[in-house]
Amino acid sequence: MTMRASNNKTMTLKQNMLWNSFGSLSFLGCQWLITVLVVRLSGGYEAAGMLSLAMSVYNIFSSIAVYRMYTYQVSDVRHENSVGEYYAFRVITCSIALVLIICYSAWTCPWEAMGAIVVYAIYRMANLLIDILHGLDQLNGRMDYIGKSLAMQGLASLVIFCAIQCCGGGLMVAFIAMTFGIVAIGFFFDLPRASAFEDLNIGIS
């Protein structure tokens, strides 16, 4: 594991809490707005039902994808494991959860809903992969990065979703576009800042 000396100034506990709260509430608020606006923008309840189904199926297996690893990561003050190891493990847990989601959906859900369910799960898992970088930010006392990232992810998801729906695109198209938006934020905002603290060498020793 390669740790890097950083010129980033550590934030105070109060600043970290405020930024994290701001980002979390912004993200959750935007996610809630999506569930409200889907009915008005789609002109019916079919899209809302599909979104609800996708969210419900994902939530069944989300605990496997999350695996409560963030709590362990931010308590790893001795850096016994690298951020790359946490990232690789999150990829594994997300992959397992995705396989289970596909199998469960194929067994219990209409075939026409499969695509939206799977893509929605991938969208949510993209956020979980960025979450590993947020753990590194928290360990280094820069939760303002987390707050800004979450706020951008929430706003980007909301804007993209509304734009796709207004243009007549379906939920699957919206989820794909939202996923690309989340990945772009992770690549261009989160990764450069996290890399200032530690190299991201993905793999498990």
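Using a 7 Å offset from the Cα along the Cα-to-Cβ direction at both LEU13 and ARG68, what is the distance between the two label points in nm, to one decimal? Each label point lies 7 Å from its Cα, and together they span 2.4 nm.
Between the Cα long axis of helix 13-42 and the first principal axis of the chain there is an angle of about 10°, rounded to the nearest 10. Projected label points at SER95 and VAL77, each 7 Å from Cα along the beta carbon direction, are separated by 3.4 nanometres.
Estimate the FRET efficiency between TYR104 and GLU46 by the formula 1/(1 + (r/R0)^6), using the beta-carbon distance for r and 35 Å for R0, to the nearest 0.05. With a Förster radius of 35 Å, E is 0.95.
Suppose R0 equals 41 Å. What FRET efficiency, 1/(1 + (r/R0)^6) with r the Cβ-Cβ distance, do TRP32 and ILE204 give to the nearest 0.05? Taking R0 as 41 Å, the efficiency between TRP32 and ILE204 is 0.70. When the chain is described by a simple charge dipole with +1 on each Lys and Arg Cβ and -1 on each Asp and Glu Cβ, the residue from ALA106, CYS162, MET125 located farthest towards its positive end is CYS162. Distances between placed amide hydrogens fall under 5 Å for GLU198 paired with ARG4, all partners being 5 or more residues away or on another chain.
Taking every alpha-carbon pair under 8 Å whose residues sit at least 6 apart, the chain reaches a relative contact order of 39 percent. Per residue, the solvent-accessible area of the stretch 1-146 (1.4 Å probe, heavy atoms of protein chains only, all protein chains present) comes to 54 Å². Charge dipole (Cα centre; +1 on Lys/Arg Cβ, -1 on Asp/Glu Cβ; no other charges) of the stretch 29-118 amounts to roughly 140 debye. For the stretch 187-200, backbone phi angles converted through the Karplus equation (6.51, -1.76, 1.60; θ = phi - 60°) give residue-by-residue couplings of 6, 8, 10, 6, 4, x, 6, 5, 5, 5, 9, 7, 5, 9 Hz, Gly and Pro being listed as x. For P(r) over Cα pairs in 10 Å bins from 0, in percent, the candidate list reads [x] 9, 33, 34, 18, 6, 0; [y] 8, 32, 38, 20, 2, 0; [z] 9, 37, 39, 13, 2, 0; the entry that matches the value derived from this model is [x]. To put it simply, the accessible area of the stretch 1-118 at a 1.4 Å probe is 64 percent carbon and sulfur.
The values are calculated or read from the model by the stated rules, or taken from the named source; none is laboratory data. Keep in mind that this is a model prediction, so the values were computed, not measured. Positions of Cβ are backbone-derived with ideal geometry, glycine not excepted, and every protein chain shown enters the neighbour counts. These accessible areas exclude ligands, DNA and RNA; they are computed on the full protein's heavy atoms, side chains included. Shrake-Rupley method; radii C 1.70, N 1.55, O 1.52, S 1.80 Å.
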